[in-house]
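K.L.:
One structure coming up, written as structure tokens, with questions to follow.
The values are calculated or read from the model by the stated rules, or taken from the named source; none is laboratory data. The model shown is predicted, which means the values in this text are computed figures rather than measured ones. Neighbour counts run over all protein chains shown; Cβ positions are idealised from the backbone, glycine included. Remember, those area values only see protein heavy atoms, side chains included, never the ligands or the DNA or RNA. Shrake-Rupley method; radii C 1.70, N 1.55, O 1.52, S 1.80 Å.
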Amino acid sequence: MSQIPDHLRYADSHEWIDPSSPEAASVGISDHAQEELTDVVYLELPQVGATVSKGDAIAVIESVKAANDIFAPVSGEIVEVNEALADDPAPVNSDPYGGGWIFKINVGDSGELDSLMDAEAYRGHVG
Amino acid sequence: MSDESAPRPSPLAAEHEKLGARFAPFAGWNMPIQYAGILPEHRAVRESCGVFDISHMGQFFVEGPGATEWLNGLLTNDLAVLGDSEGQYTLILNEAGGVIDDLIAYRLGADRFLLVVNAARIEEDHEWLNARRPADVRFGDESDRFGGLAIQGPDAPGVWERMRSNGGEFPELPPRNGIVEVDGGHLILCRTGYTGEDGFELFATVETIAAWFRAALEAGATPCGLGARDTLRLEKCYPLNGADLDPGHTPIEAGLGFFCKLDKAGGFIGRDVLARQKEEGAPVKLAAIRLVDKGPPPRHDYPVFVPKGANPVASLTSGSLSPSLGYGIGMAYLPVEVAKPGTELEIEIRGRRFRAKVVKKPFHPSAS
């Protein structure tokens, strides 16, 4: 069973976001998503300062087999990216909710956070 | 034609599901792409031993007094040099010298052959061969009767020793490129493969193939999917039919001239085009290209440019991260002017250009 922490929110497209600090909310991909991808070998990070809309493809994550988009779970401004992952994306697999965070976003509209799935709903989504 | 929307299950489907495989459609079949992951599976084959399901591949049996002469006129390599129980890599070409299929032809005995062909080309090969078949040659497509395993890696001979000691009377592995029939032809062992490592391919009836698969796992082979099969063969620059080989390119262009015996008695379909290319030079060459810097994995169809060039000179026929080497690799039919090792190129990935260069084949050196 993949891990689905209770304190996070989840998008249909399997990104998680930490709602506790909306000025710089960490975003990554869920344990379920990293299991599906397996072997992340390359990550193309978004630009710091970019203004993005919910649902935009803003980063690319690649396994040996395929390239996959990462979508903005909410609208806002990218305030930080996890540069370490550009050199070594392994934490996306090994620690998807910790060292595997991909970017931080200043959430434009906190209502969008509420519209995302909570852990229980996401369990149903992947189950 | 096979129905793309409903790919055929492998006779090993239940085994793959037990192992948690991820499946994808391949050549009309639903095949395992990976189990634990492409990287560990790739490593298992380079360092110890892996087992692949190759039940999708086709088996044709050819027999009759004119079989050698007839087949030799349709295949590029020279069957006449094969002794009994020996095999060779060879190709079927169209009249223009373009590749219909690449395959292994094994001589089972006098005027008796097994052809192991690509899954996606079974029907086309069958039609092509059958349409040209003389009355005294019998031709049987027994693809549906056989499942297959490729057991590959430096420890493959050890795995077979453990498999055959599990009961029953089974022979030793044949020598390199050799073949041995067991149990009246219900089991076939070939010392061949497509990973660049030592190993063998085992064909057994669909009723018995699952038992052989389980025996290989018990003997220490790691289950490997078609994902690792692709990275393993690409590191060795072995071409994949439908990607690196197609009817629009000749084996000379693909760098497979060694397997085309232009001077053999009787010639073969497509021979004259190859002879002309050999004399005048081919316009393009299937070249090995690596990314110079860290970058995204190159993939099929990505455009290739000369540095700062406005228009692509080619597109990648294959591409991947090389798990063994840690950088991006690919192949493309490059105009000969830019196909020499050392030539600088660029590969465009999602609108950005990445530095690349032509290198000598293969990417991954031989162990021996």
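K.L.:
Just give me the residues in segment B:77-124 being under 25 Å from B:Pro7 (Cα atoms) and charged (D, E, K, R), in sequence order.
P.N.:
Selection gives B:Asp101, B:Asp102, B:Arg121, B:Glu123, B:Glu124.
K.L.:
Also, quick follow-up: Return only the number of the condition from (1) open to solvent by less than 20 Å² (accessible area, probe 1.4 Å); (2) within 25 Å of A:His7 (Cα to Cα); (3) not small (Gly, Ala, Ser) that A:Leu43 does not satisfy.
P.N.:
Of everything listed in (1) open to solvent by less than 20 Å² (accessible area, probe 1.4 Å); (2) within 25 Å of A:His7 (Cα to Cα); (3) not small (Gly, Ala, Ser), A:Leu43 misses just condition (2).
K.L.:
What are the residues in segment A:47-60 that are out of contact with any Lys or Arg (no Cβ under 8 Å at 6 or more places or on another chain), within 14 Å of chain B (Cβ to nearest Cβ) and not small (Gly, Ala, Ser), if any? Steps first, answer last, please.
P.N.:
Of segment A:47-60, the ones out of contact with any Lys or Arg (no Cβ under 8 Å at 6 or more places or on another chain) are A:47-59.
From what is left, the residues that are within 14 Å of chain B (Cβ to nearest Cβ) are A:47, A:57-59.
Hits for segment A:47-60 are A:Gln47, A:Ile58.
K.L.:
B:Asp246 fails exactly one of the following numbered conditions: (1) in contact (Cβ under 8 Å) with a residue 40 or more places away in the chain; (2) closer than 28 Å to A:Ile61 by Cα; (3) among the charged types (D, E, K, R). What is the number of that condition?
P.N.:
Result: B:Asp246 passes all but (2).
K.L.:
Return the pairs, sorted by first residue and then second, in which the second residue is of a type in the set (S, T, N, Q), the first residue lies in segment B:60-76 and is closer than 19 Å to B:Glu123 by Cα, the beta carbons are less than 6 Å apart, and the residues are 6+ apart or on different chains.
P.N.:
Cβ pairs passing all conditions: B:Leu75/B:Thr90.
K.L.:
Name the strands (runs of 3 or more DSSP E) wholly inside segment B:1-74 in which the number of residues that are touching a Gly at 6+ places or on another chain (Cβ under 6 Å) and either within 14 Å of another protein chain (Cβ to nearest Cβ) or open to solvent by 10 Å² or more (accessible area, probe 1.4 Å) (or both) is 1 or more. First the steps, then the outcome.
P.N.:
Values: elements: B:22-26, B:29-34, B:50-53, B:58-63.
Qualifying strands (runs of 3 or more DSSP E): B:29-34, B:58-63.
K.L.:
Has segment B:131-138 got at least one residue that is buried (at least 22 other Cβ atoms within 10 Å of the Cβ) and out of contact with any helix residue (DSSP H, G or I) (no Cβ under 8 Å at 6 or more places or on another chain)?
P.N.:
To start, the set of residues in segment B:131-138 that are buried (at least 22 other Cβ atoms within 10 Å of the Cβ) comprises none.
Looking through segment B:131-138, none of the residues is buried (at least 22 other Cβ atoms within 10 Å of the Cβ) and out of contact with any helix residue (DSSP H, G or I) (no Cβ under 8 Å at 6 or more places or on another chain).
K.L.:
Looking at A:Ser63, A:Ser94, can you tell me which residue is under 25 Å from B:Gly328 (Cβ atoms), crowded, with 22+ Cβ neighbours inside 10 Å, without any contact (Cβ under 8 Å) to a residue 40 or more places away in the chain and within 13 Å of chain B (Cβ to nearest Cβ)? Spell out how you get there, then give the answer.
P.N.:
On the way: A:Ser94 fails: crowded, with 22+ Cβ neighbours inside 10 Å.
After ruling out the rest, the residue left standing is A:Ser63.
K.L.:
With the structure loaded, tell me whether B:Glu124 is more than 14 Å from chain A (Cβ to nearest Cβ) and of a type in the set (D, E, K, R) or whether it fails that test.
P.N.:
On the way: more than 14 Å from chain A (Cβ to nearest Cβ): yes; of a type in the set (D, E, K, R): yes.
So B:Glu124 passes the test.
K.L.:
Show me the strands (runs of 3 or more DSSP E) entirely contained within segment A:6-46 in which 3 or more residues are away from chain B (no Cβ under 14 Å).
P.N.:
Details: elements: A:15-17, A:25-29, A:40-44.
The qualifying strands (runs of 3 or more DSSP E) are A:15-17, A:25-29.
K.L.:
Would you mind finding the one in B:Leu325, B:Leu286, B:Leu334, B:Leu316 that is closer than 29 Å to A:Leu85 by Cβ, surrounded by 19 or more Cβ atoms within 10 Å (Cβ to Cβ) and among the hydrophobic types (A, V, I, L, M, F, W, C)?
P.N.:
Details: B:Leu325 fails: surrounded by 19 or more Cβ atoms within 10 Å (Cβ to Cβ); B:Leu286 fails: closer than 29 Å to A:Leu85 by Cβ; B:Leu334 fails: closer than 29 Å to A:Leu85 by Cβ.
Step by step, each of B:Leu325, B:Leu286, B:Leu334, B:Leu316 is checked, and only B:Leu316 is closer than 29 Å to A:Leu85 by Cβ, surrounded by 19 or more Cβ atoms within 10 Å (Cβ to Cβ) and among the hydrophobic types (A, V, I, L, M, F, W, C).
K.L.:
Against the condition touching a residue at least 60 places away in the same chain (Cβ under 8 Å) and under 21 Å from the mean Cα position of the chain (by Cα), how does B:Gly220 come out, does it pass? Spell out how you get there, then give the answer.
P.N.:
Numbers: touching a residue at least 60 places away in the same chain (Cβ under 8 Å): yes; under 21 Å from the mean Cα position of the chain (by Cα): no.
In short, no.
Yes/no per residue for (1) over 20 Å from A:Asp6 (Cα atoms); (2) of a type in the set (D, E, K, R):
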site: A:Val64; (1), (2): yes, no
site: A:Ala67; (1), (2): yes, no
site: A:Val74; (1), (2): no, no
site: A:Asn106; (1), (2): yes, no
site: A:Glu112; (1), (2): no, yes
site: A:Met117; (1), (2): no, no
site: A:Gly127; (1), (2): no, no
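K.L.:
If a residue must be open to solvent by 60 Å² or more (accessible area, probe 1.4 Å) and under 21 Å from the mean Cα position of the chain (by Cα), how many such residues does segment B:151-171 contain? Explain how you work it out, then say what you get.
P.N.:
Restricting attention to segment B:151-171, the residues satisfying the condition of being open to solvent by 60 Å² or more (accessible area, probe 1.4 Å) are B:154, B:161-162, B:165-166, B:169.
Among the residues that remain, those that are also under 21 Å from the mean Cα position of the chain (by Cα) are: B:154.
Counting residues in segment B:151-171 that are open to solvent by 60 Å² or more (accessible area, probe 1.4 Å) and under 21 Å from the mean Cα position of the chain (by Cα) gives 1.
K.L.:
Can you name the condition, by its number, that B:Thr90 falls short on among (1) farther than 30 Å from B:Tyr327 by Cα; (2) open to solvent by 30 Å² or more (accessible area, probe 1.4 Å)?
P.N.:
(2)
K.L.:
Now for a separate question. I want to confirm something. Restricting to segment A:67-84 and keeping residues that are open to solvent by less than 40 Å² (accessible area, probe 1.4 Å) and small (Gly, Ala, Ser), which single residue is nearest to the other protein chains (Cβ to nearest Cβ)?
P.N.:
A:Ala72
K.L.:
Kindly establish whether B:Val117 is at pLDDT 95 or above, open to solvent by less than 10 Å² (accessible area, probe 1.4 Å), under 22 Å from B:Leu240 (Cβ atoms) and not assigned by TED's automatic domain parsing to the domain that holds B:His16. Break it down stepwise before answering.
P.N.:
Working: at pLDDT 95 or above: yes; open to solvent by less than 10 Å² (accessible area, probe 1.4 Å): yes; under 22 Å from B:Leu240 (Cβ atoms): yes; not assigned by TED's automatic domain parsing to the domain that holds B:His16: yes.
In short, yes.
K.L.:
So how many residues does segment B:249-272 have that are in contact (Cβ under 8 Å) with a residue 60 or more places away in the chain, open to solvent by 20 Å² or more (accessible area, probe 1.4 Å) and under 18 Å from the mean Cα position of the chain (by Cα)?
P.N.:
Residues that pass the stated criteria total 3.
K.L.:
Another question about this same structure. Could you tell me how many of the residues in segment B:273-283 are surrounded by fewer than 17 Cβ atoms within 10 Å (Cβ to Cβ) and aliphatic (A, V, I, L, M)? Walk me through it before giving the result.
P.N.:
Our first condition is that a residue be surrounded by fewer than 17 Cβ atoms within 10 Å (Cβ to Cβ); within segment B:273-283, this holds for B:275-276, B:278-281, B:283.
Next, only the ones that are aliphatic (A, V, I, L, M) stay: B:275.
Final tally of qualifying residues: 1.
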